[in-house]
Amino acid sequence: MGGAFESLKGGGAAIALDEIEISILRSLAVQLLELIGPGAPEPAEDADPLAALFAEGPSEPPSDPALARLFPDAYGAPDGAGDKGVDPEELTARSAEFRRFTENDLRARKREDALAVVRSLDGLTTAGDGAAVLELSGELPLRWLGALNDLRLTIAARLDITEDDESAVLFRLPDEDPRKPMVMAYLWLGGLQETLIETL
């Protein structure tokens with residue numbers, strides 16, 4: 001998959017995608033939406049807007065490693081590795097408090113980013129050669145950047161990639177390794193992300 005984002009005159013970015021690339025990107029974005037979940041229920045019409053603004057989210061970190069990567073603790077590891085000299089229980093309490101007031105909004109933003117990808121791809125029509133040109137302007141390039149980053153973090157968690165050097169080792173996996181398609185998707189998404197950043 002050799003497509004790369006290029007700058008548009010007047011701002012924004014464009015990329016030519018074939019049907020397979022469109023299908024893969026759409027499928028990954030839909031899976032990301034399923035992983036993130038539906039979000040907090042809408043407040044009732046007669047609900048106090050101020051109370052809705054300060055609705056509390058979860059205080060415990062997610063048990064799924066991919067969700068834990070998408071919604072990490074704000075104050076480092078509970079073992080104290082993140083903040084030297086701070087009591088681990090204090091770090092856990094700080095992280096729980098921060099998560100309680102921020103995770104719902106963060107989930108909503110990640111959901112909106114993934115939905116923007118799906119909607120952008122749904123609006124594409126391929127020409128006779130099987131390719132379509134996706135043009136992103138306004139807030140869409142940033143939405144795409146967010147979604148591409150979230151997709152890479154999710155795949156990295158599934159592959160146990162914690163450093164960029166580890167992805168290079170995985171790139172040399174034999175074709176019969178069941179992780180190979182995920183590794184190829186991870187590297188391809190990284191290329192898309194890099195060229196989109198360069199255009200902006």
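The values are calculated or read from the model by the stated rules, or taken from the named source; none is laboratory data. Bear in mind the structure is a predicted one, so any value in this text is a computation, not a measurement. Don't worry about glycine lacking a Cβ; one is built from the backbone with ideal geometry, like all the others, and counts go over all protein chains shown. When the accessible area is computed, the model is the full protein with side chains, heavy atoms only, and any ligands, DNA or RNA have been set aside. Shrake-Rupley method; radii C 1.70, N 1.55, O 1.52, S 1.80 Å.
Being surrounded by 13 or more Cβ atoms within 10 Å (Cβ to Cβ), touching a Lys or Arg at 6+ places or on another chain (Cβ under 9 Å) and modelled with pLDDT of 95 or more is not true of Leu170. In region 80-92, which residue that is surrounded by 14 or more Cβ atoms within 10 Å (Cβ to Cβ) and either assigned to a helix (DSSP H, G or I) or acidic (Asp, Glu) (or both) is modelled with the lowest pLDDT? Looking at residues that are surrounded by 14 or more Cβ atoms within 10 Å (Cβ to Cβ) and either assigned to a helix (DSSP H, G or I) or acidic (Asp, Glu) (or both), I get Asp83. Residues that are open to solvent by 30 Å² or more (accessible area, probe 1.4 Å) and touching a helix residue (DSSP H, G or I) at 6+ places or on another chain (Cβ under 8 Å) are absent from region 9-23. Name the residue that is most open to solvent (accessible area, probe 1.4 Å), counting only residues in region 113-135 that are among the aliphatic types (A, V, I, L, M) and within 20 Å of the chain's Cα centre (by Cα). For region 113-135, the residue satisfying everything is Leu115. The listed residues are Arg119, Arg107, and the only one of them that is at pLDDT 80 or above, basic (Lys, Arg) and touching a Phe, Trp or Tyr at 6+ places or on another chain (Cβ under 8 Å) turns out to be Arg107. When region 1-50 is filtered for residues that are among the hydroxyl-bearing types (Ser, Thr, Tyr) and modelled with pLDDT under 95, the ones remaining, listed by number, are Ser7, Ser23.
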